[in-house]
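The values are calculated or read from the model by the stated rules, or taken from the named source; none is laboratory data. What you see is a predicted model; the values in this text were computed from it and never measured. Here the Cβ is made from the backbone with ideal geometry for all residues, glycine too, and neighbour counts use every protein chain on show.
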Amino acid sequence: METNCYLDLDEKGNSVDQKLYRGMIGSSLYLTSSRPDIMHSICLCARFQCNPKESYLTAVKRILKYLKGTRSLEFWYPSGANLFLEGCGDYDFGGCKLDRKSISGICHLLGCSLVSWQSKKHSCVALSTTEAEYIAVGSCCA
């Protein structure tokens with residue numbers, strides 16, 4: 001999904017087959033266990049499963065095209081590396097345009113290998129970028 005693309009409520013758009021849309025989202029959610037690069041985009045599209053529109057379906061198809069073009073990407077876990085646990089987090093202040101809640105992205109590395117990742121919308125509205133950062137760091141350490 002494009003970095004400047006935001007999915008909003010599309011009340012005027014044409015509805016699409018709900019079963020087809022949910023099937024595409026479900027299959028893509030299964031892929032997020034081995035492809036963390038699509039997790040945020042798929043979870044964003046999954047929010048609109050109850051009333052899918054053509055614009056949401058277009059976003060999901062774009063993600064599937066990305067997956068087709070990046071089949072050669074894979075995880076690499078080298079042996080004999082120094083093992084230390086490192087957590088990294090980032091946030092998008094007011095990233096959800098529907099309710100103005102921030103979105104955090106978290107990853108944990110063991111040595112130089114990715115072992116866990118998460119993308120989560122905050123449960124409360126942050127009033128400043130500092131507050132959003134504290135929430136993101138807190139969820140990274142939890």
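Summary table below
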| read-out | value |
| --- | --- |
| Looking only at the stretch 37-67, and only at residues there that are out of contact with any Asp or Glu (no Cβ under 6 Å at 6 or more places or on another chain) and outside any helix (DSSP H, G or I), the one that is nearest to ILE106 (Cα to Cα) | ARG47 |
| Residues of the stretch 33-89 classified as at pLDDT below 80 and among the hydroxyl-bearing types (Ser, Thr, Tyr), total | 4 |
